[in-house]
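Input: a single structure, listed below in structure tokens.
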Amino acid sequence: RIGTALKLDSSTFQVVRYRTNIADSRNIGFEGFAELDWLKLIHKNAKQKLSTFVNLSLISANYVTPGSVYENNSVEFVPKIIFRTGITYTIKKFSATFQYSYTDDQFSDATNAVTAPSAIYGLIPAYSISDLSASYTHKKFGINAGINNLLNAKYFTRRAEGYPGPGIIPADPINFYVTLRYTF
């Protein structure tokens, strides 16, 4: 498996990220998805829709090369748990959806460093976000709108070596969008 490891640079004596063939890895996991329309469950001919969904991924990804310094370490950028759930309500041409997402913590390098002075490598903490979206269609016109990161969660998913500088790259704060459409 090609991955990122920490290595001492012999000329500068600084720890740097080094991309190389790390070791053999084994990835084992489960992913499941389910959706249920509660109103159709109660009344088969319901004209409205109230559905919930859940998506769960459980992943075990480890380096397995015997004798390797990385043996039994977690593979970088592989969270153990990814969980998404939400609810959608639809009536005629209007629909609204709320979604919640959780991503477990993960390492950014094969050494599984938790922290580092430069912040180029280390643990990426678990985070959760919520989104809200809605759409309405009338004849040839439509509007979609939504709010991403509804609760303005502070989190990050990447670490950078260069621009805009070494360290974490924060995720987007709360933001919204509106899209108008016309079908020809």
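The values are calculated or read from the model by the stated rules, or taken from the named source; none is laboratory data. Source: prediction; values computed, not measured. Ideal geometry is used to build each Cβ from the backbone, glycine not excepted, and the neighbour counts take in all protein chains shown. Areas reflect the complete protein model, heavy atoms only, side chains present, ligands, DNA and RNA absent. Shrake-Rupley method; radii C 1.70, N 1.55, O 1.52, S 1.80 Å.
Across the stretch 91-117, the qualifying residues are those that are β-branched (Val, Ile, Thr) and within 21 Å of Leu151 (Cβ to Cβ), and the one among them that is surrounded by the most Cβ atoms within 10 Å (Cβ to Cβ) is Thr103. Scanning the stretch 151-174 for residues that are open to solvent by 50 Å² or more (accessible area, probe 1.4 Å) and within 22 Å of Gln99 (Cα to Cα) yields Leu151, Asn152, Lys154, Thr157, Pro170, Asp172, Pro173, Ile174. Can you tell me which residues in the stretch 13-54 are over 26 Å from Gly67 (Cα atoms), part of a strand (DSSP E or B) and touching a residue at least 24 places away in the same chain (Cβ under 8 Å)? Answer for the stretch 13-54, where residues must be over 26 Å from Gly67 (Cα atoms), part of a strand (DSSP E or B) and touching a residue at least 24 places away in the same chain (Cβ under 8 Å): Phe30, Glu31, Gly32, Gln48, Lys49, Leu50, Ser51, Thr52, Phe53, Val54. Picking from residues in the stretch 95-124 that are at pLDDT 95 or above and not in a strand (DSSP E or B), the one that is farthest from the chain's Cα centre (by Cα) is Asp105.
Test Thr4 against the stated conditions and say whether it is at pLDDT 90 or above and under 25 Å from Thr103 (Cβ atoms). When the stated conditions are applied, Thr4 does not pass them. Taken over the stretch 13-52, the criterion of being loosely packed, with under 11 Cβ neighbours inside 10 Å, modelled with pLDDT under 95 and of a type in the set (A, V, I, L, M) is satisfied by Ile42 alone.
Annotation note: of Thr88, Thr65, the sole residue that is open to solvent by less than 30 Å² (accessible area, probe 1.4 Å) and either in a loop (DSSP other than H, G, I, E, B) or farther than 21 Å from Arg158 by Cβ (or both) is Thr88.
Against the condition among the small types (Gly, Ala, Ser) and part of a loop (DSSP other than H, G, I, E, B), how does Ala145 come out, does it pass? For Ala145, the condition - among the small types (Gly, Ala, Ser) and part of a loop (DSSP other than H, G, I, E, B) - is not met.
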